[in-house]
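*Asks:* Here you go, one structure.
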Amino acid sequence: MAKRGRKNKAHINKQLWDRSNSTDRTKWRSKSQKGYDFYLDEQLSMDEEKSLEESGMPSFTINRILPIVEIMKYFVTANSPRWKAVGATGDDTDIAQVHSDISDYCWHLSNGNSIYGQVVLDSLVKGVGYFLVDVDQDADHGKGEVTFSRIDPYDVFVDPSSRDFLFRDAAFIMIKKNLSKSQLKNLFPQHAAKINKINASSDYSSSYSQRDLESSKIIQPEDVSFGLNPENAEEDQIIPYYENYTKIKVPFVNAFIRIPLTKDEEEQLQQSVEVQMQEFQSEVQVQLQEKILSIQQSLESGEIIPERADLEIKKSTQMMETAIAEKQQELMSAAQEEMTKVEQVVMTKKEFDVMMMSEQFKTSVVDFVDFFETRIKLCCSVGDDIFLYEYELPITEYPIVPVPYLYTGTPYPMSAVMPLIGKQQEINKAHQIMVHNANLASNLRWLYEEGSVDESEWEQYSSSPGALLKYRQGFQPPTPVLPAPINNAFYSITQEGKSDAEYISGVPSAMMGFTQQQAETYRGLLANDEFGTRRLKSWMSTIVEPALEHLGKCFQMVAQKHYQIDKVFRIVQPEAGQEPDQDKEVRVNIPIFNDFGDAIGKWMDYETGKFDVRIIAGATLPLNRWALLEEYFRWFQAGLIDDIAMIAETDIRNKKQLVDRKSVYSQMQSQIEQMTEAVKDSEGTIETLERQLVQAGIKMKVQQGESEVRKDVLQTEAEQKLLRGMMQNEFQNAKKDIQREIKDAVLQAKMDAKKDFDKSKEK
């Protein structure tokens, strides 16, 4: 029965793939592949190339798509994505910062920048790119690491009814790959016996390329439809492999459980109450005695009569007794609450039902509430009916995050390349015609009477410069057949085609460095970026950054469930302002032990930390470094920022040492100023003492005191003057060195930028 159930799950995976691989998806795949082919310069079909060759026309292409796509990719991926974790409360601030460090660690461990570039490229040329957040269980000696990876869009099959641009509402998301038996056994050694039993399948994707394998310029994955067995070097069988992610509702229970105290804890609590009561009674009795003493003093002075004194003493005594009783009740109530403390515990319904079978647990449950939570279920199978495994992921969102380019309201987005294909074909055709016309003009055709010329001689020498060609007497001389002059419209097509491609893509020539007038000021460069990249920024703000934020939240869920043991993360990627050789260590889940060596909790508990993850908008966009440096230098000259802030923004070597040295000189300057103030205060004190002593008539002592003090002051002043002079000289020399280094760096940056700009104009 169990085997039949597992086989049925494998059948369901195959059926879901069959139905999701619909006509609509096939149409999208074909168009997407066409866009990808055009990006790779596969722009002519076999029939088109054969037709051109038969008519004597050239078959070359002028790829305008590739540079446009590459500059778009650069703009979007110029810097790494940055996530900011914000703690839900003040207590979660530290763990939120730790999460930011862990996300950086896992990103760089996964070579995230390269993966991000591949995903963006998929989105631009194929219509959509995919991230996958997963756990490499074998990493870190079996402890596992959370990783980022990229999935080929052609391997992903989404529920066709999904209408969310991140496919969060999809009933399923499936990854289907065609792998060899050897690959599958290497991936799943524990299932090697099952895999060996699978028969070969022809159910692998056919190529949607414009050309067949023999004439294709670039080998694509679809062209390789076989694998090799490393054990015998023979061709291996190809088998479809399915990973099906589905959203399910799992029943949970929110239980309110009374946590009883141990006998030792009760005794400690009772002792604490007694100590607090003794301290309170002592304080109240002292206050009562002070009150009685005050009343007796009033009675003795005649301010009150004896009856009033007795009444006040009685009232004070009653108030003391009432305060003691109230304090006793307060402490007992707090102790009772502590002894009957109720904690909120969330568990699955299955776990709750098992624990309710225990009478002790059942009696401790004060109340409970049933509810449902979303979970992700992963079911893996191979072939048509071989079930591998199935388990529930402790997350509420799909670990597969799409990045579409032009969302169409379906799982089949349009790429940035698709609108450019027609214009690319127009440019290719115009260039082919112009080159063909030039070939005809340089290689004339001749009209002649039959028998009037030696054909072999004319074929050999008719196109040679200065050749003398003979024709037989009695015949008309051969007449050259000149090609019709090419229409000027073709030249316009080639020029306008370039502009149209830029207009359609939203990537002007200035972004690619092809411009006659380049802005030299920081504001001018910012203006070019702003106006030339608005369409890309719109895609960034509405699609890419929300997708990255969702990716960060998916990573948060996976990481908090995986990293539950004591672990040290070494962050080697420097943060802003750090030197490249600076490392940072982050530790989570640090065990807390009692006096007996028992673990009683965790410090920096990563799993229970509550925080929200947000993408830092614009963090991946490029930055004009040399222009910004020039602007910082202007601010420095205007006195708006100090030299330390200026140094921090430069690319000067050993800038950390420069900043540290500058900070030391600043501290020395501050000490000099403090010592100068101390000397001035000493001089003022001398003058004050002199006046006091003169007024007392002790002139001799004034003179003696003045002499001694003056001697000390002069000595101190001389020492301070010498030290101040030495420190001022050192400070000024260091300041000149720093300013010279800054000016040299700025000048070098401007020279480098000028050289790059001159090179771009030459190109």
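*Asks:* State the Kirkwood hydrodynamic radius of the range 260-340 in Å, one decimal place, computed from all pairs of distinct Cα atoms.
*Replies:* Details: mean 1/r = 0.0676 Å⁻¹.
After inverting the mean inverse Cα-Cα distance, the result is 14.8 Å.
*Asks:* Please list 375-381, 231-237 highest first by mean number of surrounding beta-carbon atoms within 10 Å per residue. If you can, show how the numbers build up before the last one.
*Replies:* Working: 375-381: 19.4, 231-237: 11.7.
The packing order, highest mean first, is 375-381, 231-237.
*Asks:* OK, next. Label-point separation (nm) for Ile218 and Leu66, each offset 7 Å from Cα along Cα-to-Cβ?
*Replies:* Here the modelled spin labels are 0.7 nm apart.
*Asks:* Let me ask another. Compare the peptides 30-43, 117-130, 297-310, 49-62 by average per-residue count of other Cβ atoms within 10 angstrom and give them in order, highest first.
*Replies:* Numbers: 30-43: 21.0, 117-130: 24.6, 297-310: 11.7, 49-62: 13.4.
Answer by packing, highest mean first, reads 117-130, 30-43, 49-62, 297-310.
*Asks:* So, by mean Cβ neighbours within 10 angstrom, what's the order for 535-543, 283-291 with the highest one leading?
*Replies:* Numbers: 535-543: 16.6, 283-291: 13.3.
Averaged packing, sorted descending, gives the order 535-543, 283-291.
*Asks:* If you stretched the chain out fully between Asn589 and Gln564, how much longer would it get, using 0.36 nm times the residue separation minus the C-alpha to C-alpha distance?
*Replies:* Details: separation 25, 0.36 × 25 = 9.00 nm, distance 0.66 nm.
8.3 nm is the gain from fully extending Asn589 to Gln564.
*Asks:* Something else: Using r as the Cβ-Cβ distance of Gln296 and Gln271, and R0 as 56 Å, what FRET efficiency do you calculate, to the nearest 0.05? Mind showing how you got there, number by number?
*Replies:* On the way: r = 38 Å, r/R0 = 0.67.
The value I calculate is 0.90.
*Asks:* Right, next: For Ser51 and Phe475 in the same chain, what is the full-extension length gain: residue separation times 0.36 nm, less their Cα-Cα distance, in nm?
*Replies:* Details: separation 424, 0.36 × 424 = 152.64 nm, distance 3.73 nm.
Extending this stretch completely gives an extra 148.9 nm.
*Asks:* Want the number for Leu187 to Lys327: 0.36 nm per residue separation, take away the alpha-carbon distance, what's left?
*Replies:* Values: separation 140, 0.36 × 140 = 50.40 nm, distance 6.83 nm.
Extra length available between Leu187 and Lys327 comes to 43.6 nm.
*Asks:* Can you list the residues, at least 5 places off or on another chain, whose amide H is less than 5 Å from the amide H of Ile238, using H built in the peptide plane?
*Replies:* It is Ser201, by chain and number.
*Asks:* Just in the range 218-311: which chymotrypsin sites (Phe, Trp or Tyr not before Pro) are loop by DSSP and have at most 11 other Cβ atoms within 10 Å?
*Replies:* On the way: sites: Phe226, Tyr241, Tyr242, Tyr245, Phe252, Phe256, Phe280; in loops: Phe226.
Here the chymotrypsin sites (Phe, Trp or Tyr not before Pro) that fit, given the DSSP loop and packing criteria, are Phe226.
*Asks:* Could I have the simple spin-label model distance between Glu457 and Ala638, label points 7 Å from Cα toward Cβ, reported in nm to one decimal?
*Replies:* It works out to 8.5 nm between the two label points.
Throughout, read-outs are computed from the coordinates displayed, never taken from laboratory work. Treat the numbers as computed from the prediction; the structure is a model and nothing was measured. Cβ: placed from backbone, ideal geometry, glycine included. Neighbour counts: every protein chain shown.
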